[in-house]
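Worksheet: the structure to be examined is printed underneath.
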Amino acid sequence: MEPRRRETADASAATIDPAEVEALTCALVAVPSVNPGGTEEAAVEVLAQACRDAGFEVQVSEAAPGRPNLVATVNGDADGPGLMFLGHSDVVPPGPGWTGDPFVPRRDGDLIIGRGATDMKGGIAAAVVAMKAVAQAVADGVDVSGPVRLVVTVDEEEHGVGVRHLVEHPPAGEHLGCIVAEPTRLEVVRGCRGASYFDVEVTGRAAHSGRPSDGASAIDAAARVIEVIGADQRRMAADPDPLLGFGTWNVGTIQGGQGISVVAPSCSMGVDRRLMPGEDVHEIGRRLSDEIRSAGIDSDGITVSVTPTMFLPGFATPEDHPLVTATAQAVVDSGAPTSVGGWTAACDGGWTSSALGIPTVVMGPGDINGQAHQPDESVSLAELVTAAQAYLRVALALLSD
């Protein structure tokens with residue numbers, strides 16, 4: 001970045017108020033938006049009002065009844081390609097183990113504690129405050145060539161209803177990039193695996209347990225299906241990708257049987273398959289079905305069906321892409337160390353990259369592994385402020401002359 005632009009970015013970053021970041025983070029945490037439950041609407045209204053108060057253009061559209069997506073825009077009159085920030089308004093259930101009310105935000109030194117503080121209401125708040133600083137820079141005469149948008153979807157933690165609605169109704173215009181404000185500890189994630197869920201239904205034939213040969217045990221067959229899945233896992237692990245590793249299987253739930261003295265007539269499994277960029281969920285399901293048949297499981301009184309129920313694509317953005325390099329430099333210029341790499345988690349960025357064609361990275365405050373989905377979830381206020389400054393710097397680096 002040339003000296004004049006750096007001076008402008010430094011001056012704008014200095015205007016970001018930690019109290020403002022803290023207040024919006026806490027206001028969002030204080031409104032439960034637990035998923036499953038479809039309760040995002042109240043939290044989205046808090047966010048929408050904060051954006052309206054900041055002078056943003058705000059659009060709210062229902063992805064499903066009572067479940068609104070939000071798009072907030074600054075510098076919307078600019079006709080150049082823009083920059084998108086992406087987040088989600090839903091949070092996972094609080095669960096046991098909290099030392100206080102999970103929806104009454106509280107401070108412990110530098111930490112803000114509450115469900116959603118790190119995943120990902122803090123990141124959303126940082127983006128809003130950064131966009132407010134962009135708007136002020138424009139008002140002060142800085143030439144910003146395109147709009148800056150915040151897109152907040154519903155249902156990210158479950159089935160992706162919100163991001164699918166976004167794909168069907170994308171914001172107008174082109175975007176130079178998308179930054180997903182998920183918690184990465186301010187590391188720049190240029191690639192994520194995707195995720196998919198499968199229902200595996202095994203049907204057998206009931207019989208008296210005194211003569212089990214009269215029946216066909218769905219539970220025994222399900223155990224053999226798990227062996228097939230394990231073999232596929234070992235095949236993938238033998239050829240890892242340098243950035244993202246390899247796809248993984250996990251049998252997360254299993255239910256089956258009618259009674260202890262009955263040969264099991266049915267068994268069902270819920271299976272997670274993490275996806276490499278470009279993998280097709282339907283092809284994976286067909287291949288698993290073929291392997292089950294090849295193993296001789298789907299025969300002699302046993303039938304097995306494999307049905308995909310959820311799909312979130314993976315993505316990978318080239319390491320030398322301007323979005324990647326500008327985001328990493330923005331974090332460093334904001335006073336924090338960073339790195340560029342891949343991520344074990346999945347996020348809505350897979351849709352912006354693969355379906356909307358927008359170059360995408362993930363970078364945000366908080367720790368997905370150490371804090372997200374856990375009791376007493378917390379995020380550092382200092383990290384929130386650094387994220388806001390970095391978001392501002394990226395916008396100015398990519399969009400200002």
### Message
Going by what's in this entry, would Ala23 be described as assigned to a helix (DSSP H, G or I) and within 21 Å of the chain's Cα centre (by Cα)?
### Response
no
### Message
Tell me the residue from Leu312, Leu288 that is of a type outside the set (Gly, Ala, Ser) and within 30 Å of Pro365 (Cβ to Cβ), please.
### Response
Leu312
### Query
From the residues in region 294-324 that are loosely packed, with under 13 Cβ neighbours inside 10 Å and without any contact (Cβ under 8 Å) to a residue 60 or more places away in the chain, which one is nearest to Gln233 (Cα to Cα)?
Ser294
### Task
Kindly indicate whether any position in region 15-34 is modelled with pLDDT of 95 or more, exposed (fewer than 14 other Cβ atoms within 10 Å of the Cβ), in contact with a strand residue (DSSP E or B) (Cβ under 7 Å, 6 or more places away or on another chain) and not hydroxyl-bearing (Ser, Thr, Tyr).
no
### Task
Would you please list the contacts, defined by Cβ atoms under 7 Å and residues six or more apart or on different chains, that run from a residue in region 146-161 that is in the same structural domain as Val58 (by TED's automatic domain parsing) and on the phi < 0 side of the Ramachandran plot to a residue that is in a strand (DSSP E or B) and charged (D, E, K, R)?
Val154/Arg67; Val161/Arg67
### Query
For region 120-159, how many residues meet the condition of being in a loop (DSSP other than H, G, I, E, B), crowded, with 24+ Cβ neighbours inside 10 Å and not charged (D, E, K, R)?
2
### Residue count for region 232-247, restricted to those that are free of Cβ contacts under 8 Å to residues at least 40 places away in the same chain and of a type outside the set (Asp, Glu)
9
#### Entry: Exclusive hit being more than 30 Å from Ser213 (Cα to Cα), surrounded by fewer than 23 Cβ atoms within 10 Å (Cβ to Cβ) and not assigned by TED's automatic domain parsing to the domain that holds Asp220, set Thr338, Thr327, Thr352, Thr360
Thr338
### Task
Determine whether Gly335 is of a type in the set (Gly, Ala, Ser) and in a loop (DSSP other than H, G, I, E, B).
yes
### Query
Can you name the residue in region 255-276 that is closer than 30 Å to Cys347 by Cα and more than 26 Å from the chain's Cα centre (by Cα) and, of all such residues, is surrounded by the most Cβ atoms within 10 Å (Cβ to Cβ)?
Ser268
### Task
Would you check which residues across region 354-401 are over 12 Å from Ile179 (Cβ atoms), in a helix (DSSP H, G or I) and of a type outside the set (A, V, I, L, M, F, W, C) and list them?
Ser354, Glu383, Thr386, Gln389
### Query
Which condition number does Ser305 fail, the rest of (1) under 21 Å from the mean Cα position of the chain (by Cα); (2) farther than 18 Å from Thr248 by Cα; (3) assigned by TED's automatic domain parsing to the domain that holds Ile219 being met?
(1)
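The values are calculated or read from the model by the stated rules, or taken from the named source; none is laboratory data. The structure presented is a predicted model; accordingly, all values stated were derived computationally and were not measured. Every residue, glycine among them, receives a Cβ derived from its backbone with ideal geometry; neighbour counts consider all protein chains shown.
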